1. Here is a list of conditions, (1) assigned to a helix (DSSP H, G or I); (2) under 21 Å from residue 39 (Cα atoms); (3) hydroxyl-bearing (Ser, Thr, Tyr), and residue 86 meets all of them except one; can you say which number that is?
2. Would you point out which residue out of 118, 106, 102 is surrounded by fewer than 22 Cβ atoms within 10 Å (Cβ to Cβ), touching a residue at least 12 places away in the same chain (Cβ under 8 Å) and out of contact with any helix residue (DSSP H, G or I) (no Cβ under 9 Å at 6 or more places or on another chain)?
3. I need the full set of residues from segment 159-183 which are farther than 20 Å from residue 301 by Cβ, surrounded by fewer than 20 Cβ atoms within 10 Å (Cβ to Cβ) and aliphatic (A, V, I, L, M), in order please.
4. Farther than 15 Å from residue 161 by Cα, among the small types (Gly, Ala, Ser) and touching a residue at least 24 places away in the same chain (Cβ under 8 Å), is that true of residue 83?
5. Could you tell me how many of the residues in segment 121-147 are among the aliphatic types (A, V, I, L, M) and surrounded by fewer than 18 Cβ atoms within 10 Å (Cβ to Cβ)?
6. Can you report the number of residues in segment 45-70 which are without any contact (Cβ under 8 Å) to a residue 40 or more places away in the chain and part of a loop (DSSP other than H, G, I, E, B)?
7. Could we say that residue 352 is aliphatic (A, V, I, L, M) and without any contact (Cβ under 8 Å) to a residue 40 or more places away in the chain here?
8. Can you tell me which residues in segment 260-290 are touching a Leu at 6+ places or on another chain (Cβ under 8 Å), over 15 Å from residue 326 (Cα atoms) and charged (D, E, K, R)?
Amino acid sequence: MTIGVGGSDAQTELSKLKNMAKNVQPIQLAEFQQRIKQAMTQMVKLGWDAMYIHAGTNLSYFTGTHWYPSERMVGALLTAEGALEYIAPHFEIGTLKGFMQVKGLVNGWQEHESPYQVLQQCCKKHAIKTLGLDETLPFFMYDALRIVGPEVDFRNGQLVSQYCRSRKSADEISLLQTAKDMTLEVHKAAAKILREGITTQEVTTFIHQAHQAVGAPKGSYFCIVLFGEDTAFPHGVKTPKSLQLNEMVLIDTGCEIEKYKSDITRSYVFGEASARHTEIWQAEKAAQAAAFSAAQLGQACEVADIAARGYLATQGFGPDYQTPGLPHRTGHGIGMDIHEGPYLVRGDKTPLAVGMCFSNEPMLCVPGEFGVRLEDHFYMTVEGPKWFTEPSLSIDDPFGQAA
């Protein structure tokens, strides 16, 4: 039997888990202010006068103001000179102020009025000619802004938001580290409760409870549990099967701590691994290592994907996205969004820089047999890439628990 897999039950394993987030500190006001300064610097470099930051992750990141996007326009106008003004429905102003970290004037609009006219008036007040628009802004809002402000030159706000958000601070790295440490402990516990006949829903429910037990108030941010042939489908199947002896197990899950996400996948066999299981698993592990080694400061993000895919080609997988092989990119950025740019994929020429954080998951899919995804995350330091969590040790001892 694979070491660390099976032999226990949900109640026993939940009782062993401890709160790992007791000492977590949220991002402080000084850091939000520093993020705004960095955005201002980028706008000056790009020749922009201002940026509109829409409700959602970007508004949270730059101002600490947590507000979910909807059909009602809520956001903030940040000028390259440092003026910050919010836009919100008049009846939400009191609530919005309660969520603000970085304070600013709120320009309200009544339900029969146009928020786009309000933003256009703000642009006139600040003599804004070139305006970056949040990349998450819905098209209908952009279209309305274009109509009321034809004199404004709109640009893709991602050139500022991704630049800033992709370079994590020490405090962000710390939050990400805690979230990933928590999820890895949940993985270890989940492996132990596996038994013949267990359903994916039973495991998913346990993982949610386990995430809560280690300190994630909302439990799992997401969870994918797959057995046997289903593991060849990267994001699952409509009707997942229950677990049988000597089948591949794939569990991909994560949690959220102070808005920062974890996302870790483990693949191993419940029972005894066959020669075929071992062959594919080892190729996956080697591809993950190749991607990690290639990810060096100043190199383009795509080098990690090219390295992983290149190694797999030498082992007879692919080529490119063909299966048996790696059907998707090698990795994604992670932070306040579980998938955020830049990406470890061919064509992404973004130079790797200190503070960038990525998943590393060059999944191997063998249709009709099984799939293996080993997903760990790393961040870029002045010395190069550093793992948040150590990769899985071996197919027979995935969590390194052998005496």
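The values are calculated or read from the model by the stated rules, or taken from the named source; none is laboratory data. On a predicted model such as this, the values are computed, not experimentally measured, just so you know. All Cβ positions, glycine included, derive from the backbone under ideal geometry; neighbour counts span all protein chains shown.
1. (1)
2. Result of the check over 118, 106, 102: 118.
3. Of everything in segment 159-183, just one residue is farther than 20 Å from residue 301 by Cβ, surrounded by fewer than 20 Cβ atoms within 10 Å (Cβ to Cβ) and aliphatic (A, V, I, L, M), namely 170.
4. Answer is yes for this residue.
5. Narrowing segment 121-147 to residues among the aliphatic types (A, V, I, L, M): 127-128, 131, 133, 137, 141, 144-145, 147.
Filter again for surrounded by fewer than 18 Cβ atoms within 10 Å (Cβ to Cβ), leaving 127, 147.
Qualifying residue count for the region: 2.
6. 6
7. no
8. Within segment 260-290, 261, 266 qualify.
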